[in-house]
Amino acid sequence: MANKPDRAAALAAFGRLLDIMDDLRAQCPWDRVQTEQTLRILTLEEAYELADAIDSGDWPELGKELGDLFLHLVFYSKIASEKGHFDVADVLNGVCDKLVRRHPHIYGDVKADDADAVKANWEAIKLAEKGSVDQKSVLEGVPKALPALVKAYRMQDKVRGVGFDWPSVDGVWAKVEEELTELQTAPTEAAAQEEFGDLMFALVNYARHRGWDPEQSLAQANDKFKRRFQAMEAVLAASGQTNAKQTLEVWDELWNQVKRHEN
């Protein structure tokens, strides 16, 4: 069992961060002029750096990146407080209230025996909450700015929570094959591009049914391609050649050579 965190130390550290944020906002020329809009792109960068740390399995780096994200969350809360919208206590109490409300199997008398039941309850409660403020679709909770691959996965996962899903992976794979055929037989370039998107969407759905993260799978494929191509460049450099003006036949032989060496 993991060690129980020191609650007093955690609260003291969080209080220290809040104090430093107050100092920076009052005294630092750069921090003082930041807005929620100027911070937005920086926060996205921090999120991707956190993802890199997770993928690398580097726990010290992960801790560092979590700290950077904590800073941004406190920064946004400070800006909102200055504008009279909310403060960090409102943010934290809000998420605590939501967690209690959406876990009635923990804080109420609802029964949920597995993760699927918990997710279904979560989506049903969320839709009921949002319905009171004119949100009529479960998909309205999917951020518009998500990358397309991640967005496809999240939309599929959202509708799964309300029962709109294939009962087995076999039906999903049949859909992949159907979309591939439609791509191959598309009558125009525009139709082919549309069918290509449908095929990618179906492949994301297949990955989800298999329990795979499609974003991670593609990232691994990217890393593998980079590793192999750089290995080919190293072979060329060792023989006194460069990667300029090599024929496809040379590249193909080098690729197969690198693959054989990896295997």
Checklist outcome for this item: If we ask which residues in segment 24-51 are touching a helix residue (DSSP H, G or I) at 6+ places or on another chain (Cβ under 9 Å) and not aliphatic (A, V, I, L, M), their number turns out to be 10
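Can you find even one residue in segment 174-191 that is in a helix (DSSP H, G or I) and either of a type in the set (Ser, Thr, Tyr) or modelled with pLDDT under 95 (or both)?
Here is the first cut: in segment 174-191, the ones in a helix (DSSP H, G or I) are 174-184, 189-191.
Subset that is either of a type in the set (Ser, Thr, Tyr) or modelled with pLDDT under 95 (or both): 181.
Among the residues of segment 174-191, at least one is in a helix (DSSP H, G or I) and either of a type in the set (Ser, Thr, Tyr) or modelled with pLDDT under 95 (or both), which makes the answer yes.
Just need a number here: residues in segment 38-64 that are in a helix (DSSP H, G or I), of a type outside the set (Ser, Thr, Tyr) and under 17 Å from Gln220 (Cα atoms).
Taking segment 38-64 and keeping what is in a helix (DSSP H, G or I), we get 38-56, 59-64.
Next, only the ones that are of a type outside the set (Ser, Thr, Tyr) stay: 39-42, 44-47, 49-55, 59-64.
With the extra rule that they be under 17 Å from Gln220 (Cα atoms), the set shrinks to 49-55.
The number of residues fulfilling the criteria is 7.
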Next on the checklist: If Met232 meets every condition in (1) free of Cβ contacts under 8 Å to residues at least 24 places away in the same chain; (2) more than 29 Å from Ala207 (Cα to Cα) apart from one, which number is that one?
Outcome noted: (1)
Item to check | Top-ranked residue of segment 51-64 - restricted to ones that are at pLDDT below 95 and hydrophobic (A, V, I, L, M, F, W, C), ranked as farthest from Asp22 (Cα to Cα) | outcome: Ile54
Checklist entry - So Ala219 clears everything in (1) within 30 Å of Pro147 (Cβ to Cβ); (2) free of Cβ contacts under 8 Å to residues at least 60 places away in the same chain; (3) assigned to a helix (DSSP H, G or I); (4) out of contact with any Lys or Arg (no Cβ under 8 Å at 6 or more places or on another chain) except one condition, right? Which one? => result (2)
Next on the checklist: Among the residues that make up segment 142-156, is at least one of them out of contact with any helix residue (DSSP H, G or I) (no Cβ under 9 Å at 6 or more places or on another chain), assigned to a helix (DSSP H, G or I) and within 27 Å of Ala53 (Cα to Cα)?
Outcome noted: yes
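The values are calculated or read from the model by the stated rules, or taken from the named source; none is laboratory data. This is a predicted model, so every value here is computed, not measured. Counting neighbours? That spans all protein chains shown, and the Cβs are built from the backbone with ideal geometry, glycine included.
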